[in-house]
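All remarks here apply to the structure that follows.
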């Protein structure tokens with residue numbers, strides 16, 4: 001508690017946390033008769049505070065803490081995703097708007113314009129070189145997968161680099177966790193698809209507790225060597241989940257982020273509770289999406305419950 | 001006016017100033033947090049107001065010390081005692097406990113109360129727990145005030 005920065009913002013989000021769904025609320029939603037009943041339960045919980053959207057929450061958080069730069073790191077994955085969308089749409093001569101995700105640090109319209117003009121200088125520093133490299137790669141090879149892996153890897157590197165440069169401990173740990181879970185997934189998929197070492201070197205980013213070279217070598221050695229390597233890292237649980245199923249791994253990754261956010265939300269001041277709140281909102285929205293999709297596909301209660309991510313309450 | 005009186009005046013000013021600054025900073029911190037909660041839920045105004053008032057007491061203790069010292073040296077009666085330099089120093093030193101502890105505890109109590117605003121925001125039914133935690137910091141400001149008063153009333157004029 002060395003600084004009282006963002007005291008107002010943190011207190012405001014503490015009041016807003018009451019409108020977030022708890023585990024008990026999710027159980028009620030799972031047991032609801034249909035989407036209409038679920039919607040009315042959600043509306044009752046929100047008690048007139050309006051629809052919860054990641055974009056709306058982000059805008060509000062930025063209004064409360066406009067000078068909290070480290071928060072922007074949370075949106076790097078969205079920015080880099082939009083870069084992929086914009087480049088591919090440009091190559092395929094299609095409108096990119098439908099493929100953009102929000103919220104973003106870079107205005108999507110501006111992104112399209114700048115990429116169209118090849119004006120990389122006006123892009124933020126963390127994405128500038130990647131945009132130029134990916135454009136060159138895509139126009140030269142027309143290999144979307146290669147460009148995707150370049151951009152994905154650059155996104156993770158940028159998160160880690162900027163978290164280290166101007167972020168607090170929480171955002172650093174967050175960037176590392178996101179990188180590690182993405183690396184595990186990428187290396188595992190590359191292993192299953194028998195991709196070359198060269199490809200893996202371009203696609204795996206590496207982080208403090210998950211060495212890039214070791215992970216690639218483990219993946220090249222096959223399934224047994226891959227999981228034995230993960231057993232020796234702090235991500236042994238991730239390995240066990242991945243061995244079970246991809247869905248179990250995805251749930252582990254999301255739950256690990258929520259566990260990481262747990263102490264951050266207890267802070268009374270600073271950026272961390274704001275970041276934790278945004279993460280929890282995203283987790284809640286993801287849960288609601290999963291619930292809706294499961295319902296549409298007629299999944300039973302047990303399956304839905306199994307897939308539910310950890311929530312705040 | 002003797003040097004002793006000037007020193008006593010400096011002591012009184014330090015007590016009122018530092019303790020007042022501590023309170024102002026503390027109340028300001030809680031006020032910021034309280035405003036955040038009220039912007040979302042105005043119905044919690046009365047609950048957060050109690051927390052905002054807590055760090056204000058250090059300023060009062062500083063003011064009380066100032067009044068007591070002024071009374072001791074006869075400022076209110078218009079008959080100011082001709083203090084020696086040693087007596088002046090004694091009064092100045094007597095003012096330091098509440099001045100310093102008031103400054104620090106005011107700021108820290110502000111932080112604690114601001115954190116407790118979070119409790120009020122999320123679990124209003126546990127509001128009193130936040131008040132108790134914030135009030136614990138007050139203990140040391142009260143002790144410092146007692147030390148200052150005891151020192152002051154025992155200085156022979």
Residue among A:55, A:63, A:70, A:51 that alone is under 30 Å from residue A:183 (Cα atoms) and exposed (fewer than 13 other Cβ atoms within 10 Å of the Cβ): A:55
May I ask you to verify whether residue A:3 is surrounded by fewer than 21 Cβ atoms within 10 Å (Cβ to Cβ), in contact (Cβ under 8 Å) with a residue 24 or more places away in the chain and within 14 Å of chain B (Cβ to nearest Cβ)? yes
For region B:116-157, how many residues meet the condition of being part of a helix (DSSP H, G or I), within 22 Å of residue A:6 (Cα to Cα) and without any contact (Cβ under 8 Å) to a residue 60 or more places away in the chain? 3
Does at least one position in region A:90-101 carry a residue that is under 18 Å from the mean Cα position of the chain (by Cα), outside any helix (DSSP H, G or I) and more than 25 Å from residue A:252 (Cβ to Cβ)? yes
Out of A:292, A:265, which single residue is surrounded by fewer than 17 Cβ atoms within 10 Å (Cβ to Cβ), in contact with a helix residue (DSSP H, G or I) (Cβ under 8 Å, 6 or more places away or on another chain) and in contact (Cβ under 8 Å) with a residue 40 or more places away in the chain? A:292
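For (1) more than 10 Å from chain A (Cβ to nearest Cβ); (2) crowded, with 18+ Cβ neighbours inside 10 Å, each residue gets a yes or a no:
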| position | (1), (2) |
| --- | --- |
| B:39 | no, no |
| B:44 | no, yes |
| B:51 | yes, yes |
| B:61 | yes, yes |
| B:66 | yes, yes |
| B:71 | yes, no |
| B:78 | yes, no |
| B:85 | yes, no |
| B:93 | yes, no |
Kindly list the number of the only condition in (1) over 30 Å from residue B:113 (Cα atoms); (2) in contact with a helix residue (DSSP H, G or I) (Cβ under 7 Å, 6 or more places away or on another chain) that fails for residue A:232. (2)
So, in region A:27-47, of the ones that are part of a loop (DSSP other than H, G, I, E, B) and within 18 Å of residue A:298 (Cα to Cα), which residue ends up nearest to the other protein chains (Cβ to nearest Cβ)? A:32
With A:151, A:106, A:127 as the choices, which residue is assigned to a loop (DSSP other than H, G, I, E, B), crowded, with 17+ Cβ neighbours inside 10 Å and not assigned by TED's automatic domain parsing to the domain that holds residue A:189? A:106
So how many residues does region B:106-146 have that are buried (at least 22 other Cβ atoms within 10 Å of the Cβ) and away from every other protein chain (no Cβ under 14 Å)? 3
State whether one or more residues within region A:57-80 are farther than 30 Å from residue A:7 by Cβ, more than 14 Å from every other protein chain (Cβ to nearest Cβ) and within 22 Å of the chain's Cα centre (by Cα). yes
Using the structure shown, decide if residue A:50 is more than 14 Å from every other protein chain (Cβ to nearest Cβ), at pLDDT below 90 and farther than 30 Å from residue B:110 by Cβ. no
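This table checks each residue for (1) surrounded by 15 or more Cβ atoms within 10 Å (Cβ to Cβ); (2) free of Cβ contacts under 8 Å to residues at least 12 places away in the same chain; (3) under 24 Å from residue A:275 (Cα atoms).
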| position | (1), (2), (3) |
| --- | --- |
| A:43 | no, yes, no |
| A:85 | yes, no, no |
| A:117 | no, yes, no |
| A:139 | no, no, no |
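Can residue A:97 be described as modelled with pLDDT of 95 or more and in the same structural domain as residue A:153 (by TED's automatic domain parsing)?
No; evaluated as a whole, the condition is false for this residue.
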Counting only helices (runs of 4 or more DSSP H) wholly inside region B:1-81, the ones holding at least 3 residues that are within 26 Å of residue B:96 (Cα to Cα) are B:3-40, B:57-72
Between A:144, A:202, A:116, which is modelled with pLDDT under 95 and more than 23 Å from the chain's Cα centre (by Cα)? A:116
Could you please let me know if residue A:49 is touching a helix residue (DSSP H, G or I) at 6+ places or on another chain (Cβ under 7 Å) and either touching a residue at least 60 places away in the same chain (Cβ under 8 Å) or farther than 15 Å from residue A:277 by Cβ (or both)? no
In region A:162-203, what count of residues is obtained for those that are part of a helix (DSSP H, G or I) and within 19 Å of residue A:229 (Cα to Cα)? 21
Taking region A:6-26 and keeping residues outside any helix (DSSP H, G or I) and more than 20 Å from residue A:59 (Cβ to Cβ) leaves A:21, A:22
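The values are calculated or read from the model by the stated rules, or taken from the named source; none is laboratory data. This is a predicted model, so every value here is computed, not measured. Backbone-built Cβ (ideal geometry, glycine too); neighbour counts: all protein chains shown.
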